[in-house]
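Student: Got a structure for you, questions after.
The values are calculated or read from the model by the stated rules, or taken from the named source; none is laboratory data. A quick note: this is a predicted structure, and the numbers were derived from the prediction, not measured. In this analysis, Cβ positions are derived from the backbone assuming ideal geometry, glycine residues included, and neighbour counts consider all displayed protein chains. For the accessible areas, the whole protein counts, side chains as well, though only heavy atoms, and no ligand, DNA or RNA atoms are used. Shrake-Rupley method; radii C 1.70, N 1.55, O 1.52, S 1.80 Å.
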Amino acid sequence: EKGGYEHFMLKEMYEQPKTVRDTLSPRIKDGKIEIEELGMTDEEIRAINRIHIVACGSAYHTGVTAKYVFEGMARIPVEVDLASEFRYRNPILDENDLVIIISQSGETADSLAALREAKSQEIKTLGIVNVIGSSIAREADKVMYTWAGPEIAVATTKAYSAQLIAQYLLAIKFAAARGRITDQEVEEYLGDLKKLPDQIELLLSNQTKIQKFANRYIAAKDVFFIGRGIDYAISMEGSLKLKEISYVHSEAYAAGELKHGTISLIEDGTLVVAVATQEDLYKKTVSNMVEVKTRGAFVMAVTNEGNIDIEKAADYVIYIPLTNKYFTNSLAIIPLQLFGYYVSVGKGCDVDKPRNLAKSVTVE
Ligand code: M6R
């Protein structure tokens, strides 16, 4: 049951520190990452030529993030596909490729079909799945479970967080096996990962502040989420969280792409949520914030602690605690989940069971 929370979604958001801990800790032994269920030797990991990440919805968004992490840390080329596209595009797969299918339910029809497509070409498959014994878990060559426990709310939160963690662990493991990072770097990454649960807890404690802010946007017509790199991936998830439960139209845009069309939609008072956690892209995103602000947008920014100069370009700022640049999604998504949740609550929507949606999409 809801354990005293008003909605399953709220309860599940609050379970995220535990979920992150549960997905991490069984796989860290003596300062090293051990993913037994992967069943791959270092030699086999070194032989991987390319990774294909295939999923739907929020699971796909974790894959978009993971592409930056795998490529940045391990220098393995990654393609990320929506399962509904992958299965029909006659994908070019090579025997040294690894196909990773990500799914909370393990029953999503398109993701299952994508898995079968990869298997029919005899390509190695790995499922990152939450529901034990589900179809994708049963059919994938290997399964890495996300230990999030049952997720009831249609809008995913804790399973999303666990999927990110699983992929960070794989990326670190692959980078180490391929000699791209030193033991000391592994230790540093693990140190940062271990801090995430407490940092998430801290961000969750901001809920009243975010609720007040969200109440100002219950009548919003359009909201735009912008960011670059991993911040773009976070924007995609922030936008989906808002629209699926509150029915407010929202879109995520790569910040540098705004000028190529979307900026014409900015009017006086339009809310633009800018995510700026990637220090190397920070200045670029801030200049995009200024561009929309001068055209009348109200800018809410999510950035790293310490970036106070952002207040010149934003009307409202949420700071996230410091972590490694690859892991910021795990923190920046928390205020965005809370924002979507409170807009939905403010509008009196059915938060846990939004119209027209099902928890697990078993039709094509
Ligand atoms: O069970 P799955 O992870 O395969 O589900 C994928 C999507 O249907 C799911 O993430 C959906 O987008 C959620 N409603 C997002 O909150």
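Student: Taking segment 184-227, which trypsin sites (Lys or Arg not before Pro) meet the DSSP loop condition and have no more than 16 other C-beta atoms within 10 Å?
Tutor: On the way: sites: K194, K195, K209, K212, R216, K221; in loops: R216, K221.
Filter output for segment 184-227: R216, K221.
Student: To one decimal place, what orientation-averaged projected area in nm² is obtained for the convex hull of the Cα set of the chain?
Tutor: Its Cα hull, projected and averaged over all orientations, spans 17.2 nm².
Student: Related question: Kindly report the accessible area of the chain per residue (heavy atoms of protein chains, probe 1.4 Å, no ligands, DNA or RNA), in Å².
Tutor: Heavy-atom accessible area per residue stands at 41 Å².
Student: Given H placed 1.01 Å from N in the peptide plane, which residues other than close sequence neighbours of F298 have an amide H under 5 Å from its amide H?
Tutor: G269, T270, L271, V272
Student: A follow-up question, please. Across bins of 10 angstrom width beginning at 0, how are the C-alpha pair distances of segment 315-364 distributed, in whole percent?
Tutor: P(r) over segment 315-364, rounded to whole percents: 19, 33, 30, 16, 1.
Student: In addition: I'd like to know which of S246, Y217, I101 lies farthest towards the positive end of the charge dipole of the chain, counting +1 on Cβ of Lys and Arg and -1 on Cβ of Asp and Glu.
Tutor: Y217
Student: Taking the radius of gyration and the Kirkwood hydrodynamic radius from Cα positions alone, what is the Rg/Rh ratio for segment 259-329, to two decimal places?
Tutor: 0.98
Student: Let me ask you something else. In segment 263-364, what trypsin sites (Lys or Arg not before Pro) fall in a loop by DSSP, with at most 12 other Cβ atoms inside 10 Å?
Tutor: Those that pass, being in a loop and sparsely packed, are R355.
Student: Tell me the trypsin sites (Lys or Arg not before Pro) within segment 60-122 that lie in a loop according to DSSP and have at most 15 other beta-carbon atoms within 10 Å.
Tutor: Those satisfying the criteria are R75, R89.
Student: Considering the zone a paramagnetic label at Q121 would reach in this model (a point 7 Å from Cα along the Cα-to-Cβ line), which residues of segment 64-93 have amide N under 12 Å from it?
Tutor: Within reach of a label on Q121, which here means backbone N under 12 Å from a point 7 Å along Cα→Cβ, segment 64-93 contributes 79, 86-93.
Student: Based on C-alpha coordinates, I'd like the Rg and Dmax of segment 114-263, in Å.
Tutor: In Å, with Rg to one decimal and Dmax whole: 19.0, 53.
Student: For segment 66-172, what is the Kirkwood estimate of the hydrodynamic radius, computed as the reciprocal of the mean inverse distance between distinct Cα atoms, to one decimal in Å?
Tutor: This gives a value of 14.2 Å.
Student: If R0 is 22 Å, what FRET efficiency do you get for T294 and D222 from their C-beta distance, rounded to 0.05?
Tutor: On the way: r = 18 Å, r/R0 = 0.83.
Efficiency, from the Cβ-Cβ distance: 0.75.
Student: In terms of modelled amide H atoms, which long-range or inter-chain residues lie less than 5 Å from the amide H of D81?
Tutor: Sorted by chain and number, the residues that satisfy this are I53, V54, A55.
Student: Turning to a different aspect of this structure: Would you please give the FRET efficiency between E1 and D350, computed as 1/(1 + (r/R0)^6) with r the Cβ-Cβ distance and R0 = 22 Å, to the nearest 0.05?
Tutor: For R0 = 22 Å, the calculated efficiency reads 0.80.
Student: How far, in nm, would the chain grow between A113 and I28 when pulled straight, counting 0.36 nm per residue and subtracting the alpha carbon separation?
Tutor: Values: separation 85, 0.36 × 85 = 30.60 nm, distance 3.23 nm.
Extending this stretch completely gives an extra 27.4 nm.
Student: Right, another one. Note the full-extension length gain between K312 and T362 as 0.36 nm times their separation in residues minus their Cα-Cα distance, in nm to one decimal.
Tutor: Full extension of this stretch gives 13.3 nm more.
Student: Calculate I(q)/I(0) for segment 218-260 by the Debye formula, one identical point scatterer on each C-alpha and no solvent, and give its log10 at q = 0.31 Å⁻¹ to two decimals.
Tutor: -1.00
Student: Under a 5 Å amide H to amide H cut-off, with H placed in plane at 1.01 Å, what residues pair with W147 once short-range neighbours are removed?
Tutor: Close amide H contacts, sequence-distant or interchain: T23.
Student: Hey, in the GNM for the chain with a 10 angstrom Cα cutoff, which one of S103, S235, S287 fluctuates hardest?
Tutor: S287
Student: Hey, another quick one. Starting from the Cα of D268, step 7 Å along the direction of its Cβ; do the same at D141; then give the gap between the two resulting points in nm.
Tutor: 6.1 nm
Student: Report the normalised scattering of segment 18-105 as log10 I(q)/I(0) at q = 0.12, 0.18, 0.25 Å⁻¹, calculated by the Debye formula with identical scatterers on the alpha carbons.
Tutor: So the normalised log intensities work out to -0.43, -0.96, -1.39.
Student: Under the Kirkwood approximation for Rh and a Cα-based Rg, what ratio Rg/Rh is obtained for segment 193-247?
Tutor: Rounded to two decimals, Rg/Rh equals 1.03.
Student: Find the centroid of the Cα atoms in segment 9-25 and in segment 174-233, then give the distance between the two in whole Å.
Tutor: Rounded to whole Å, the Cα centres lie 14 Å apart.
Student: Work out how much length L322 to D198 would gain on full extension: take 0.36 nm times their residue separation and subtract the Cα-Cα distance, in nm to one decimal.
Tutor: Contour length minus Cα-Cα distance gives 43.5 nm.
Student: Across every pair of different alpha-carbon atoms, what Kirkwood hydrodynamic radius in Å does segment 214-364 reach?
Tutor: Kirkwood hydrodynamic radius for segment 214-364: 15.5 Å.
Student: With each label point set 7 Å from Cα along the Cα-Cβ vector, what nm distance links S287 and R180?
Tutor: The two pseudo-label positions are separated by 2.9 nm.
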